[in-house]
Amino acid sequence: MRVHVVSDVHGNTEALARAGDGADALVCLGDLVLFLDYADHSRGIFPDLFGTENASRIVALRTARRFEEARAFGASLWQGLDRNAAIESAVRKQYSELFAAFPTPTYATYGNVDIPGLWKEYAGRGTTVLDGERIEIGGLVFGFVGGGLKSPMRTPYEISDEEYAAKIEAVGEVDVLCTHIPPEVPELVYDTVARRFERGSVALLEAIRRTRPRYALFGHVHQPLVRRMRIGVTECVNVGHFAGSGRPWALEW
């Protein structure tokens, strides 16, 4: 059995269409939407609306951790516009292309930049969306927990630590634990390019230690200090920044 795993697709529809090649199934750990490309400031919903120069300024402020200034600057750009309508329209366009690119079967959960309420409109018969749920794939039990924890970035699908922990608890003991964010381990949550610690989950770390899955798979941190490490018997793997690499991570058994 061979399963390909991707995370942080961020609009890379072309590579996503090939991600299932040679695999029995595709697993997607979220962040389909490209709102702003930190490597290429001309790509994404934000520069499409406000231009590359303004996108570069937002990136500079966020990278410097000047989040209040970034929010104030963003708010000034949105004045006079229907923010929700503009973003939803752009996200719908991306989702229509991205979900059409998913192979059959695909098992997917949300990332922190995704809008869960729209997924049911675009997920076809071959795509199973799971969040706080489990499913058997090729004789192994996979558990899925989507979304991220509340952060200064204020992305669309951020939830409280308590809500996230409840979803982890609902999944229970599995062979492969699939989440968007990593467990709260410094080496796994530090982004070496953004030069900041992203939010990881303490509840996820505790569940890994308690339930001892074979694998814990995640994404979210695009350039982690460490991509792979063992916690007890569990192999913890950041499956990679798919938007940048275009390559899935392969799990075989």
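The values are calculated or read from the model by the stated rules, or taken from the named source; none is laboratory data. As the structure is a computational prediction, the values presented were derived from the model and not from experiment. For neighbour counting, all protein chains shown are included, and Cβ atoms are generated from backbone atoms with ideal geometry for every residue, glycine included. These accessible areas exclude ligands, DNA and RNA; they are computed on the full protein's heavy atoms, side chains included. Shrake-Rupley method; radii C 1.70, N 1.55, O 1.52, S 1.80 Å.
Using a 1.4 angstrom probe on heavy atoms only, work out the carbon and sulfur share of the accessible area of the chain in %. Please report the intermediate quantities before stating the final value.
On the way: 5520 of 11520 Å².
Result for the chain: 48 percent of the exposed heavy-atom area is carbon or sulfur.
Run the simple label-point estimate for R18 and A39 please: 7 Å along Cα→C-beta, distance reported in nm.
Between R18 and A39, the label points sit 1.5 nm apart.
Can you give me the pair-distance distribution of segment 1-80, C-alpha pairs, 5 Å bins, whole percents?
3, 14, 19, 18, 14, 10, 9, 7, 4, 2, 0
Tell me which lysines have Cα within less than 17 Å of K93's Cα, excluding those fewer than 8 residues away on the same chain?
Those lysines meeting the cut-off are K120.
Once amide H atoms are built 1.01 Å from N in the peptide plane, which residues 5 or more positions from I137, or in another chain, come under 5 Å H to H?
F142
Quick one: accessible area per residue over segment 162-236, 1.4 Å probe, rounded to a whole number of Å²? Write down the numbers at each step before the final one.
Numbers: 3480 Å² over 75 residues.
I get 46 Å² per residue for this part.
Checking the cross-link filter: which aspartates and glutamates have an alpha carbon closer than 16 Å to that of K150, excluding same-chain neighbours under 8 positions apart?
Leaving aside aspartates and glutamates fewer than 8 places away in the same chain, those within reach of K150 are D31, E68, D114, E158, D161, E162, E163, E184, E198.
Expressed as a whole number of Å, what is the distance separating the alpha-carbon centroids of segment 182-253 and segment 101-131?
Each part reduced to its Cα centre gives a spacing of 21 Å.
Tabulate in residue order the Karplus-calculated ³J(HN,Hα) for segment 33-47, using 6.51 cos²θ - 1.76 cosθ + 1.60 with θ = phi - 60°, rounded to whole Hz; enter x for Gly and Pro.
6, 10, 8, 7, 8, 6, 8, 10, 6, 8, 10, x, 4, 4, x
Leaving out ligands and nucleic acids, note down the accessible area per residue over segment 92-160 with a 1.4 angstrom probe, in whole Å².
Details: 2960 Å² over 69 residues.
So segment 92-160 comes to 43 Å² accessible per residue, rounded to a whole number.
Would you please give the residues with an amide H less than 5 Å from that of T128, counting only those at least 5 places away or on a separate chain, with H modeled from the backbone geometry?
It is T106, Y107, A108, by chain and number.
First measure r as the distance between the Cβ atoms of R2 and S151, then evaluate 1/(1 + (r/R0)^6) with R0 = 41 Å and state the FRET efficiency to the nearest 0.05. It would help to have the intermediate numbers written out before the result.
Details: r = 34 Å, r/R0 = 0.84.
E between R2 and S151, to the nearest 0.05, is 0.75.
Per residue, what volume in Å³ does the Cα convex hull of segment 69-161 take up?
Details: hull volume 10.4 nm³, N = 93.
Given the Cα convex hull of segment 69-161, per-residue volume reads 112 Å³.
Obtain the nm distance between the two label points defined at E235 and E169 by a simple spin-label model: each point lies 7 Å from its Cα along the Cα-to-C-beta direction.
My value for the distance between the label points is 3.1 nm.
Using a 7 Å offset from Cα along Cα-Cβ at L49, what residues in segment 119-159 end up with backbone N under 20 Å from the label point?
Zone members listed by number: 119, 151-158.
Tell me the mean residue ellipticity at 222 nm calculated for the chain from its helices only (DSSP H runs of n ≥ 4, each -39500 (n - 2.57), averaged over every residue, nearest 500). Before the final figure, lay out the partial values.
Details: 10 runs with 89 residues, N = 253.
It lands at -10000 deg cm²/dmol.
For segment 104-115, take each phi angle, set θ = phi - 60°, evaluate the Karplus expression 6.51 cos²θ - 1.76 cosθ + 1.60, and give the result in whole Hz per residue in order, putting x for glycine and proline.
10, x, 10, 10, 9, 10, 7, x, 6, 8, 7, 10
So for the chain, Kirkwood radius off the Cα pairs, Stokes-Einstein at 10 °C and 1.306 mPa s: how many µm² s⁻¹?
Details: Rh = 18.4 Å.
Here the translational diffusion coefficient equals 87 µm²/s.
Quick one: if you stick a label point 7 Å off each Cα along the C-beta vector at I159 and I115, how many nm between them?
In this crude label model, I159 to I115 measures out at 1.9 nm.
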